[in-house]
Amino acid sequence: MAQKRLRSESLSAQIIRHGQRPERVKIVSDRIKNEPDTISITSAYAIEGKTNIIVDSSGGSVTVTLPDVLDSKDRLIRIKKTVAANNVVIDGYSSNTIDGATTKTMPSQYDCMVLLCDGTQWNIISHYEP
């Protein structure tokens, strides 16, 4: 967070030096604050503001619940499984679907899935399974 703040302040100072309006400074600062965040998890997790989810399932299967599609149009989420043990289950919120199914399973170490919401369902854009 400190690194983002410093980067934001640095860009803000550069913009002011180049004679930009203060509104422009806010736009640049907001964009930096909204860059993808990463979280590492070891147990069930309902995705809120995070975009990159790193999952360690060594302690047992882990369920990752996606946000509601009604609030997520054009949202991109990346999920990666880092250990061989157990499964990572990706679950659509309530009855939301992921390529037509309510859940998807990632069984292998280094499985990666990139999901994009179209406002009606989550779509698997990329899935790497070693």
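How many residues does the range 109-125 contain that are open to solvent by 30 Å² or more (accessible area, probe 1.4 Å) and under 24 Å from S58 (Cα atoms)? Can you show your working first?
Keep residues of the range 109-125 that are open to solvent by 30 Å² or more (accessible area, probe 1.4 Å), which gives 109-110, 112, 114, 116, 118, 120-121, 123-125.
Restricting the remaining residues to those that are under 24 Å from S58 (Cα atoms) gives 109-110, 112, 114.
Adding up the residues that qualify gives 4.
Would you say T51 is surrounded by 12 or more Cβ atoms within 10 Å (Cβ to Cβ) and at pLDDT 95 or above?
When the stated conditions are applied, T51 does not pass them.
Could you grab the pairs with beta carbons closer than 9 Å, sequence gap of 6+ or different chains, first residue in the range 77-101 and free of Cβ contacts under 8 Å to residues at least 24 places away in the same chain, second one open to solvent by less than 20 Å² (accessible area, probe 1.4 Å)?
Between residues of the range 77-101 that are free of Cβ contacts under 8 Å to residues at least 24 places away in the same chain and residues that are open to solvent by less than 20 Å² (accessible area, probe 1.4 Å), the close pairs are A101/G92.
Counting only residues that are in contact with an Asp or Glu (Cβ under 8 Å, 6 or more places away or on another chain) and part of a strand (DSSP E or B), which one in the range 83-110 is farthest from T42 (Cα to Cα)?
T103
The values are calculated or read from the model by the stated rules, or taken from the named source; none is laboratory data. Since this is a predicted model, take the numbers as computed values, not measurements. Backbone-built Cβ (ideal geometry, glycine too); neighbour counts: all protein chains shown. Only protein heavy atoms, including side chains, enter the accessible area calculation; ligands, DNA and RNA are left aside. Shrake-Rupley method; radii C 1.70, N 1.55, O 1.52, S 1.80 Å.
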